[in-house]
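Working notes, beginning with the structure itself.
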Protein chains: 2
Amino acid sequence: MLTPKEIEDAQASALRMLQQAGIFITPAERMTIEVADLGLGELAKTGLEIVVYVNTERYCAKELVMFPRQTCPEHRHPAVEGQPGKMETFRCRWGRVWLYVPGEPVSQAKGRPPSGSEAYYTVFHEIELNPGDQYTIPPNTLHWFQADDEGAIVSEFSSTSHDESDIFTDPRIRRIPEVPEP
Amino acid sequence: MLTPKEIEDAQASALRMLQQAGIFITPAERMTIEVADLGLGELAKTGLEIVVYVNTERYCAKELVMFPRQTCPEHRHPAVEGQPGKMETFRCRWGRVWLYVPGEPVSQAKGRPPSGSEAYYTVFHEIELNPGDQYTIPPNTLHWFQADDEGAIVSEFSSTSHDESDIFTDPRIRRIPEVPEP
């Protein structure tokens, strides 16, 4: 589990990257940047920093901040409450990100599964997103993505987010932090 | 109807504003910036410039570029095909915009209905949006908005857009340009 200090540091780094990219967030939003280590305890390698702008019953918009070489691990969004799984459009705003989906694998992937977790990365069709590039992922489709050596900021436009329903390939992952009993 | 030259000039101005705000759009997107004068032929006063990032059957995301004091006139999004009307979240990215919705009117509105069209502006509850501020408009709710003297850029996150169904208070407005017979 991340310590309060680790969360604060990651929020401060994410804020600096957003500012560098000319993306304004309010003081209230700064306090609520989600730092998701997904339970693996290796945030620099696996996880991401998230500003949720809006998540209604009809649509969702977020800013995803990724540190250099940070990876959002392989997962999919299944159907929830009779609705098709989450559909999402990633639009690169700053930096560069490699996105992997099912399909013809590249021979030399530019993204690298985090060391020790290689077994949990199974799709290798590579899509490179530079600022202004975007890609839409259909519901229930496996995907993972990694920022390049400078990090990246990606806008996510999507149907409603139900993060707690995400299915990760790596069974060790916990999308929602487990809060210890008081 | 706008001339090709007027459209090109407005696209170039919108692109400069996006660049100034650090928002990248691709060369292909530059060619397709929508310049909407809404049929009134007074683009500098009434209309807006739109980059549609994505519009699926589940969600939509756009960048709205507004020239100094340009106004998106009063309208609402009714139910379409059995679905509730469009719900939308405006997030100011650059500049300043005043948004008007039903409710307690301000005594001195900072936005000014375009001269000659005052009769078609009926809601005056004012919401000021500076960079990082956002506001969500429920379905079928009258609203209009105006940029300040420097212009503004606003991200719109929403349910699916059906622009052709928008209902404007001003009966002279045509949301979709009428194409002359060849």
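The values are calculated or read from the model by the stated rules, or taken from the named source; none is laboratory data. Computed from a prediction, not measured in an experiment: that's the story for all the values here. Cβ sites come from the backbone with ideal geometry, for glycine too, and all protein chains shown count toward neighbours. Calculation scope for accessible area: heavy atoms of the full protein, side chains included, ligands and nucleic acids excluded. Shrake-Rupley method; radii C 1.70, N 1.55, O 1.52, S 1.80 Å.
Here are the numbers:
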read-out: Gaussian network model of chain B, Cα within-10 Å springs - most flexible of B:Q19, B:Q83, B:Q146; value: B:Q83
read-out: Rounded to the nearest 20 debye, dipole of the protein assembly as shown from Cβ charges on Lys, Arg, Asp, Glu; value: 280
read-out: Anisotropy class of segment A:1-137 from Cα gyration tensor, a/c 1.5 cut; value: rounded
read-out: Whether segment A:76-162 is rounded, prolate or oblate, judged on the alpha carbon gyration tensor where a/c under 1.5 counts as rounded; value: oblate
read-out: Gaussian network model of chain B, Cα within-10 Å springs - most flexible of B:D163, B:D148, B:D133; value: B:D163
read-out: Lysines with Cα under 16 Å of B:K45, excluding same-chain neighbours fewer than 8 positions away; value: B:K110
read-out: Karplus-derived HN-Hα couplings along segment B:113-122 (A = 6.51, B = -1.76, C = 1.60, θ = phi - 60°), whole Hz, x at Gly and Pro; value: x, x, 4, x, 10, 3, 5, 9, 10, 10
read-out: Protein accessible area in chain B, 1.4 Å probe - carbon and sulfur %; value: 54
read-out: For the pair A and B, total buried accessible area rounded to nearest 100 Å², probe 1.4 Å; value: 2300
read-out: Cα gyration tensor, segment B:1-65 - rounded (a/c under 1.5), prolate or oblate; value: oblate
read-out: Cα→Cβ-extended label distance, 7 Å offset, between B:E8 and B:H125, nm; value: 4.5
read-out: In segment B:69-125, trypsin sites (Lys or Arg not before Pro) in a DSSP loop with at most 13 other beta-carbon atoms within 10 Å; value: B:K110
read-out: Max mean-square fluctuation residue, GNM over chain B, Cα-Cα springs under 10 Å, options B:E126, B:E150, B:E57; value: B:E57
read-out: Derived scalar couplings ³J(HN,Hα) [segment B:68-85; Karplus, 6.51 cos²θ - 1.76 cosθ + 1.60; whole Hz; x for Gly, Pro]; value: x, 6, 5, 10, 8, x, 4, 7, 9, 10, x, 4, 9, 6, x, 9, x, x
